[in-house]
Structures are given as structure tokens and as C-alpha cells.
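A quick write-up on the structure given underneath.
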Amino acid sequence: MSLPDTDAPIGIFDSGFGGLTVARAVVDQLPNEDIIYLGDTARAPYGVQTIGQVRENALECLDHLVSLGVKALVIACNTASAAMLRDARERYEVPVVEVIVPAVRRAAAATRSGRVGVISTEATATSGAYADTFAAVPQVEVVSKACPRFVEFVEAGITGGPELLACAEDYLAPLRSAQVDTLILGSTHFPLLTGVISYVLGDRVTLISSAEECAKETYATLTRRNLVHDRPRQRDHRFLTTGNPEQFAGIGQRLMGEFVTSAEQFL
């Protein structure tokens, strides 16, 4: 098996815009790396699709990133991670990083009471991926809640307002009742809603971003494989979408500022 090229970019995949939180976190922690981001916005949201549909769509996108010569793949999508992580690791020679295990590891270390909440899409909740991962941490009690409309708000570029607040209060009520002290944001869309989530749950609840933990795992994986480009250089950040490039760039800039300047068409 040939080793990946250290100078090659990191491939980052998500169903839409949420994975941009992972991409930015990766760039913050690995500032000398090139990235290629692919958002499958034409077929989003993944959270309402069957596991089979998610698997097929995600592998097609990952195949394309691999064809572009990436040195690592980051599945910046909880739903896709739950659906096809094992397939991806068997299919590709480059290392594959996902979002679920790093977030669970961090939440288990952070909780004080042993009561941890997980909010996610319907598909991630149905998959049982978080529950299965937490099974190895018996001292933790997990309270899960699917929050599908959160994804819709983010994909529309909405991160505040009375409608979102009302939705958050409804979704998060069971977690408040359960008195969780730690909450995993089990979709990479959800870090963009930390303001409203923190407002509803209060400052005593620690929010665990699957995006931030995934970026840390990416750093660790590249370091272990001796694939980090550690010298300053001109970076290249490319953003691909299966949807409309102008729309992607517009919403990306609204959510992430100048981190997203333009987008290219794929499919």
C-alpha cells in the first residue's frame, strides 16, 4: 500500500453546510494544510433518508474526494458516519476520521453527574450509533433527542429568531428535565446554534462539539501517520457542492464569513 503524499489536501465531506464547522476547526488546528470540502447539498438533508440511501450518496462523494488525491478523509457528518464508516475504512487506503467516537470520548471525560444528552438527526438517532458507543462507558446515562428542524434552520442560514428559539425550547425540554450536565451536539450543523442552545439549557451544561472533537482527531491521526505539513505555505481551500455553487457560497459566507469565498460544481 502506497503512503499518502504529505503535500496532498485533506478531504472533508458533509451532506451540506454543517461540516463547514469541521473544516474551519481543522484549518484552525492544522493551519498549513490544504483542504477540499464537498457538501452534498443537492441530496440533503441526510437525516430523513434511509441508511442505504445515505450510504450510497456518501460513498459516491468520498470516491470523488479520493479521486482528487486527498491524503485523508474526514466524514464531517454524524448521519454518514453512522451509516457507512466501516465501509469507508475498508474501501479506502487513506486514513478515515469520523465524528462520533471523539465526541463520546470527550463527553465521558467532561460529565460531572454522569448524565449526558445527545441531540442529532433522526437517522443518527435511529442508527443507535451514539448509544452503541456509550455502551462501553457504563457509568454514563444517555438521554437522546432527535432535532431534525435544527438542520433545516442551519441549511437556510438561520441561527436566531423567535421561531428557532421556540423550536429549541421544545426539543431541549426533555434534556432539561433529565438534568443533563453535558450535551453532545451530534450534528456538525449544531455548533452554529450554540447561542440558542446555551440560552435554553443554561451555562451549567457543557456543550461538546462533534466538529471540534473531530478536528482534534484529525490532527492526532495525521500526526501519528507523519502526514502533517508543518511548514508555513500558501494554502488552498476548495469548496465543492452537488447543488448550486452560488447558493452554496452565499449561505457559506453568511454562516462562516470569509472562510468560504466561492464554490465549484460537482455532479
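The values are calculated or read from the model by the stated rules, or taken from the named source; none is laboratory data. All values derive from a computational prediction rather than experimental measurement. Every residue, glycine as well, gets a Cβ built from its backbone with ideal geometry; the counts of neighbours run over all protein chains shown.
Can you pull out every residue in the stretch 187-244 that is in a strand (DSSP E or B) and either farther than 23 Å from Gly47 by Cβ or small (Gly, Ala, Ser) (or both)?
Scanning the stretch 187-244 gives Thr206, Ser209, His237, Arg238.
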Problem - Residue match in the stretch 237-244 (condition: more than 20 Å from Pro4 (Cα to Cα), surrounded by fewer than 20 Cβ atoms within 10 Å (Cβ to Cβ) and not assigned by TED's automatic domain parsing to the domain that holds Leu172) - result: yes
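Considering only the stretch 221-241, state which residues are touching a strand residue (DSSP E or B) at 6+ places or on another chain (Cβ under 9 Å) and not acidic (Asp, Glu).
Matches in the stretch 221-241: Thr221, Leu222, Arg225, Leu227, Arg235, His237, Arg238, Phe239, Leu240, Thr241.
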Problem - Meets criteria (in contact (Cβ under 8 Å) with a residue 24 or more places away in the chain, in contact with a helix residue (DSSP H, G or I) (Cβ under 9 Å, 6 or more places away or on another chain), in the same structural domain as Val228 (by TED's automatic domain parsing) and under 17 Å from Leu267 (Cα atoms)) for Tyr92 - result: no
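Go through the stretch 199-208 and give me each residue that's surrounded by fewer than 24 Cβ atoms within 10 Å (Cβ to Cβ) and either of a type in the set (Asp, Glu) or under 17 Å from Ser144 (Cα atoms) (or both).
Quick first cut of the stretch 199-208, residues surrounded by fewer than 24 Cβ atoms within 10 Å (Cβ to Cβ) only: 199-207.
Of everything in the stretch 199-208, those that are surrounded by fewer than 24 Cβ atoms within 10 Å (Cβ to Cβ) and either of a type in the set (Asp, Glu) or under 17 Å from Ser144 (Cα atoms) (or both) turn out to be Val200, Leu201, Asp203, Val205, Thr206, Leu207.
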Problem - helices (runs of 4 or more DSSP H) enclosed by the stretch 94-180 - at least 1 residues per element that are in contact with a Ser or Thr (Cβ under 8 Å, 6 or more places away or on another chain) - result: 100-110, 122-127, 129-134, 148-155
Exercise for the section: Collect the residues in the stretch 16-43 that are within 15 Å of the chain's Cα centre (by Cα) and part of a helix (DSSP H, G or I), keeping them in residue-number order. Expected result: Leu20, Thr21, Val22, Ala23, Arg24, Ala25, Val26, Val27, Thr41
Exercise for the section: Determine whether the stretch 94-109 contains at least one residue that is surrounded by fewer than 21 Cβ atoms within 10 Å (Cβ to Cβ) and of a type in the set (Gly, Ala, Ser). Expected result: yes
